[in-house]
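This report concerns only the one structure given below.
The values are calculated or read from the model by the stated rules, or taken from the named source; none is laboratory data. Fair warning: this is a prediction, and the values are worked out from it, not measured in the lab. We place every Cβ from the backbone using ideal geometry, glycine too, and count neighbours over all the protein chains shown.
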Amino acid sequence: MDITIRKLTDPLFFIESTCYTLLRLMELRNHPLMSRYGGIPCWPPSWVWIGGGENKNPKGEVGILQRVNLSMIPPRCYVVTEYEGAEYMGCLLFDDRVFSLQIYHLLENHRGYPLQHIGGLDLSHTF
C-alpha cells in the first residue's frame, strides 16, 4: 500500500482533505445536539411501557418506531416504539428548538423503521 504525504501547498492535499470530510458521517446517535444540558445524551431514550404485551424493560435502540409527537415548550419529541408485542414511550429532550423540529420531521419520515437503523442515519447535513 502506497502512502503519499502531501504538503499544504499541494492542490491535491485540499482535494483529498475535502473528499475525506465529505465521506465522514455524523450518525444521529452520535450527533452533539442529540444531548441535553451540554452533554447528557437523549438517544436512545429510556423506555416506559405503555401497553400491549408483557413489559420487557427494554434498553437501547430497540423495536420499530410507531409514532412521534412534538412539544416545543421545552423542545422535545415523544416517541413510541413497538418491541416484542408491547409499546413503549420515550422522550427526547433538546436544547435547540430548530434541531428538535428537524429531528421530529426525520422521525416522522422513518415511522415503521427499526430504531437501530434510525440511530445510524447520517445527520452531517445539519452542521
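Residue count for segment 88-102 under the criterion of being buried (at least 18 other Cβ atoms within 10 Å of the Cβ) and either in contact with a His (Cβ under 9 Å, 6 or more places away or on another chain) or in a strand (DSSP E or B) (or both): the result is 4. Scanning segment 58-87 for residues that are over 15 Å from Cys42 (Cβ atoms), of a type in the set (Gly, Ala, Ser) and in a strand (DSSP E or B) yields a total of 1. Name every residue in segment 61-87 that is hydroxyl-bearing (Ser, Thr, Tyr) and surrounded by 17 or more Cβ atoms within 10 Å (Cβ to Cβ), in order of residue number. Correct list: Thr81, Tyr83.
Specify which of the listed residues (Pro32, Pro45) is of a type outside the set (A, V, I, L, M, F, W, C), modelled with pLDDT of 95 or more and assigned to a loop (DSSP other than H, G, I, E, B).
Result: Pro45 is the single residue among Pro32, Pro45 that is of a type outside the set (A, V, I, L, M, F, W, C), modelled with pLDDT of 95 or more and assigned to a loop (DSSP other than H, G, I, E, B).
Does segment 47-58 include one or more residues that are under 22 Å from Met26 (Cα atoms), surrounded by 13 or more Cβ atoms within 10 Å (Cβ to Cβ), of a type outside the set (Ser, Thr, Tyr) and touching a residue at least 12 places away in the same chain (Cβ under 8 Å)?
No; the residues of segment 47-58 include none that is under 22 Å from Met26 (Cα atoms), surrounded by 13 or more Cβ atoms within 10 Å (Cβ to Cβ), of a type outside the set (Ser, Thr, Tyr) and touching a residue at least 12 places away in the same chain (Cβ under 8 Å).
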